[in-house]
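The values are calculated or read from the model by the stated rules, or taken from the named source; none is laboratory data. In this text, all values refer to a predicted model and were calculated from it rather than measured experimentally. All Cβ positions, glycine included, derive from the backbone under ideal geometry; neighbour counts span all protein chains shown. Surface accessibility is based on the protein's heavy atoms, side chains included, excluding ligands, DNA and RNA. Shrake-Rupley method; radii C 1.70, N 1.55, O 1.52, S 1.80 Å.
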Amino acid sequence: MSTLPPTDYTHFTIQPLTLHIGAEVNGIDLSKPLHQDVLDELCAAFVTWKVLFFREQCLGHAEHVAFAKQMGTPTIGHAVFGHVEGFPEVYSIGKHRVANSTRNQKATRPWTGWHTDITAAVNPPSASILRGVDIPPYGGDTYWTNLAMAYHGLSEPFHRFLETLNGVHQFEVPQQLTGGTEYSKEIEDRYMESVHPLITVHPITGERLLFISPDFIDRIEGLSPQESELMLEFLWEHAVKPEYTVRYKWQPGDVAMWDNRSTAHRAPSDIFQTDFDRQLYRVTLVGEPLIGVDGRKSQAISGDPILSADEELRLSTIQ
């Protein structure tokens, strides 16, 4: 029997939501600066449980950014789709944002919509911090999956094969949308494409991770198109098995913080079947190129690394 993650912490209490991923944190006010001892313990719980949830925080943009800066260095709101006016670190996760405009252009499969944030960049964000503002009375839940458990769910011979492979990640523009749409223009203006090891090693925990992002990974290097497609479909379906996942019912004021290196997540699609509004805001933290089991690192094919929001703004004023 495998050892379950710890649940005892000194500076707060947690309530696990599943065996392997997701826990609610109680006893912390994110609107106030946290003592270093609390931050250290929070970081330990974070990499252990992969996704932490904080109920009834009711932060504004400023408090959201201030908390994020205690956990790391915020990126620009979104490397492709911009940021909230006046808050360069904040990205609006609105129901009808540009990034959702391609949602009806692909066949629906069990893995449709699942992704790890911005893996088209050579250094995807290390973490994402999302807060809910306008939440539907029902529907609109978000899902996360544990990519370490997904790795462990595969056989050892398969591990050894996958650890030699790389995946090519990019923002995809469906053929019928190329040329002139707002979505395609945003992608073309800052196109990014990167190669990441298919199996990565977490920089803190040392866990091996099945690093696949269905919305971003285009192909597996070195395989024929048919081999790549069949392999990816198998891995995607495997990675989102219910036993690896957690489903979260939002309430206004809630905050979710997830380890973008060891999880994938899925935004809800059911909200488009109702007139309910849904508005959340996200801050992401600067990450590093990923590392494979043999030490090889992510490589950029096209596009620049994701920088801090401050550095992005400085460069934009120079240009």
Computed [θ] at 222 nm, helices only, for the chain once each DSSP H run of length n ≥ 4 contributes -39500 (n - 2.57): -6500 deg cm²/dmol
Cα gyration tensor, the range 257-319 - rounded (a/c under 1.5), prolate or oblate: oblate
Residue 219 - accessible surface, heavy atoms, 1.4 Å probe, Å² rounded to 10: 100 Å²
Sequence of 85, 41, 237 when ordered by accessible area, the most exposed leading, probe 1.4 angstrom: 85, 237, 41
In nm, spacing of pseudo-spin labels at residue 172 and residue 32 (7 Å Cα→C-beta vector): 4.8 nm
Farthest toward positive dipole pole in the range 35-83 [+1 Lys/Arg, -1 Asp/Glu at C-beta], among 62, 77, 48: 77
Amide proton proximity set for residue 142, modelled H, under 5 Å, gap of 5+: 248, 250
Relative contact order computed over the chain (Cα-Cα under 8 Å; 6+ residues apart), in percent: 31 percent
Apportionment of accessible area to carbon and sulfur, the range 225-287, percent (1.4 Å): 50 percent
Dipole in debye (nearest 20) - the chain, about Cα centre, beta carbon charges: Lys, Arg +1; Asp, Glu -1: 300 debye
At 0.890 mPa s and 25 °C, Stokes D of the chain from Kirkwood alpha-carbon radius, µm² per second: 122 µm²/s
The chain: DSSP helices with Cα axial extent of at least 18 Å and average Kyte-Doolittle hydropathy no lower than -0.5: 36-49, 225-239
Gyration tensor verdict on the range 207-319 (Cα atoms; rounded if a/c is under 1.5, prolate if a/b is larger than b/c, oblate otherwise): oblate
Rounded Å value of the spacing that divides the Cα centres of the range 116-141 and the range 1-70: 16 Å
Student exercise, the range 59-171 dipole from Lys, Arg, Asp, Glu Cβ charges, in Debye to nearest 20: 300 debye
Residue-normalised accessible area of the range 231-287, given per residue in Å² at a 1.4 Å probe: 37 Å²
Residue-level accessible surface for residue 143, protein heavy atoms, 1.4 Å, Å²: 60 Å²
Solvent-accessible surface ranking, highest first, for 240, 286 at 1.4 angstrom: 286, 240
Total charge dipole magnitude, the range 221-312, about the Cα centre, Cβ charges on Lys, Arg, Asp, Glu only, Debye to nearest 20: 340 debye
Unit charges at the beta carbon, dipole of the chain: most positive-side option, 240, 122, 307: 240
Accessible area of residue 241 in the full protein assembly, 1.4 Å probe (Å², nearest 10): 80 Å²
4 °C / 1.567 mPa s Stokes-Einstein diffusion coefficient of the range 29-97, Kirkwood radius on C-alpha pairs, µm²/s: 96 µm²/s
Heavy-atom accessible surface of the range 9-56: percent carbon and sulfur, 1.4 Å: 51 percent
